[in-house]
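Asks: Below you'll find the structure I mean.
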Amino acid sequence: MATIERVLLGPGPSNPYPEATAALCAPLLGHLDPEFLRVLDETCARLRRVWGTENARTLPLSGTGSIGMEAAFANFARPGDVVVVGVNGLFGERMVDVAGRYGADVVRVDHDWGQPVDVERMLAAHPEPSLVAAVHAETSTGVRSDIKALAAAVHQRDQRALVLADCVTSLAGIPVEIDAWGVDIAYSGTQKCLGVSPGLSPFTVSERAWDRRVKRPPTWYLDLNLIGAYVDGTGGRTYHHTAPVALIASLHAALGRILEEGLDAVHERHRAAGERLRAGLADLGLELFAAEGHRLPELTTVRVPDGVDSAKVRQILLTEYGIEIGAGAGAFASSVWRIGLMGHNARPDRVELILAALRRAM
């Protein structure tokens, strides 16, 4: 079968870093091989640096970012617990669904799509929630919410409440400081700014949250109490499941590349690419969707111009230029484009490529 080459500039998987691809293709190690366990430990240590945390229980869960979301509610939301969720896009909606499936008493705080989560409205939603959850970088709208301000406000009012952040599209793209911000539980995905193939969910839990965990959640696979090979901070090993060794080796390589470049430099590269893309889209007469001042540099949402067939333009980009951008989500499926400049794609040549191709396609 011939290889199909694409430049992935949508909200889904991004083109991986070359180092990650090389590691993914290397000969496999056994999941209990001492060399793999060394790589796993080093991967967890590198994740701590990228997350900005000292949390001992920082690990790559076996599954995409959705596994991280599910694990968060399975292990930290009991039936009847009040969970306040900020909903300003598709993944806030998904949080509501997942939390409800685990029996939580969910209080949703709705916002217009494209707007950030409002801290005061989140606080006013319930006086004593067990958990407050929001999406840091909403993949469906390209908007950033202030998780630092939200966590500070929640903890100032009630030391018992836990704060959960979805960082699937933010980790390694914009600053994330778990310890400094006071976030208790967070998850991400590898396929976006980390520049690795889909299949892992970086996850981190504070000691404060760990003390409040569900001792026997209604899921075996996502029971953090059982995943000893990942989360046992004592150095012991408890077999739980066969780790996806190639994906972890790939993540290990990508994290090494990111840390070698320097997190500040990586964030700046994403910022500069996003800024140039927004300027170029404005030159094309296109209107941005996400609220000004809260736009993600790594994922830009733009309104489809009147009279332009969204699907046809995306098809032209795909078939004639090998470029894949995303359609909008939900009610905005045909009226918004989502253009991702994540990880290896956050480069000037990618910006110029999409702007030139989009100009021709329209």
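The values are calculated or read from the model by the stated rules, or taken from the named source; none is laboratory data. Since the structure is predicted, the reported quantities are computational estimates derived from the model, not experimental observations. A quick note on method: Cβ atoms are made from the backbone with ideal geometry, for glycine too, and the neighbour counts reach across all protein chains shown.
Asks: Tell me which of these S310 doesn't satisfy, since it passes every other one: (1) farther than 29 Å from L61 by Cβ; (2) of a type outside the set (K, R); (3) more than 21 Å from the chain's Cα centre (by Cα); (4) exposed (fewer than 14 other Cβ atoms within 10 Å of the Cβ).
Replies: The one condition S310 does not meet is (4).
Asks: Okay, next question. Let me confirm something: among D309, D283, which residue is at pLDDT 95 or above, in contact with a Ser or Thr (Cβ under 9 Å, 6 or more places away or on another chain) and either over 23 Å from S197 (Cβ atoms) or aromatic (F, W, Y) (or both)?
Replies: Numbers: D283 fails: in contact with a Ser or Thr (Cβ under 9 Å, 6 or more places away or on another chain).
Result: D309 is the single residue among D309, D283 that is at pLDDT 95 or above, in contact with a Ser or Thr (Cβ under 9 Å, 6 or more places away or on another chain) and either over 23 Å from S197 (Cβ atoms) or aromatic (F, W, Y) (or both).
Asks: Which pairs have Cβ atoms under 7 Å, sit 6 or more apart or on different chains, and link a residue in segment 107-126 that is at negative phi to one that is crowded, with 16+ Cβ neighbours inside 10 Å and of a type in the set (F, W, Y)?
Replies: Between residues of segment 107-126 that are at negative phi and residues that are crowded, with 16+ Cβ neighbours inside 10 Å and of a type in the set (F, W, Y), the close pairs are W113/F332.
Asks: Any residue at all in segment 126-144 that's farther than 30 Å from T43 by Cβ, surrounded by 18 or more Cβ atoms within 10 Å (Cβ to Cβ) and of a type in the set (S, T, Y)?
Replies: There is at least one residue in segment 126-144 that is farther than 30 Å from T43 by Cβ, surrounded by 18 or more Cβ atoms within 10 Å (Cβ to Cβ) and of a type in the set (S, T, Y).
Residue-by-condition table, conditions (1) more than 22 Å from E120 (Cβ to Cβ); (2) hydrophobic (A, V, I, L, M, F, W, C); (3) touching a helix residue (DSSP H, G or I) at 6+ places or on another chain (Cβ under 9 Å):
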site	(1), (2), (3)
H155	no, no, no
V196	yes, yes, yes
R213	yes, no, yes
W220	yes, yes, no
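Asks: Looking only at segment 149-181, count every residue that is farther than 24 Å from I67 by Cα and either of a type outside the set (V, I, T) or part of a loop (DSSP other than H, G, I, E, B) (or both) and tell me the total. First the steps, then the outcome.
Replies: Let us first name the residues in segment 149-181 that are farther than 24 Å from I67 by Cα, namely 149, 152-160, 180.
Among the residues that remain, those that are also either of a type outside the set (V, I, T) or part of a loop (DSSP other than H, G, I, E, B) (or both) are: 149, 152-153, 155-160, 180.
Summing the residues that are farther than 24 Å from I67 by Cα and either of a type outside the set (V, I, T) or part of a loop (DSSP other than H, G, I, E, B) (or both) in segment 149-181 gives 10.
Asks: Here is a further query. Which pairs have Cβ atoms under 9 Å, sit 6 or more apart or on different chains, and link a residue in segment 265-288 that is under 13 Å from G142 (Cα atoms) to one that is of a type in the set (S, T, N, Q) and modelled with pLDDT of 95 or more?
Replies: Going by the 9 Å Cβ cut-off, the qualifying pairs are G274/T300; R278/T300; L288/T300; L288/T301.
Asks: Now a separate question. Do we have F76 as more than 28 Å from A180 (Cβ to Cβ) and either crowded, with 17+ Cβ neighbours inside 10 Å or touching a residue at least 60 places away in the same chain (Cβ under 8 Å) (or both) here?
Replies: So F76 fails the test.
Asks: Could I ask something else about it? Could you list all residues from segment 35-71 that are in a helix (DSSP H, G or I), hydrophobic (A, V, I, L, M, F, W, C) and out of contact with any Phe, Trp or Tyr (no Cβ under 7 Å at 6 or more places or on another chain)?
Replies: Matches in segment 35-71: F36, L37, V39, L40, C44, A45, L47, V50, W51, I67.
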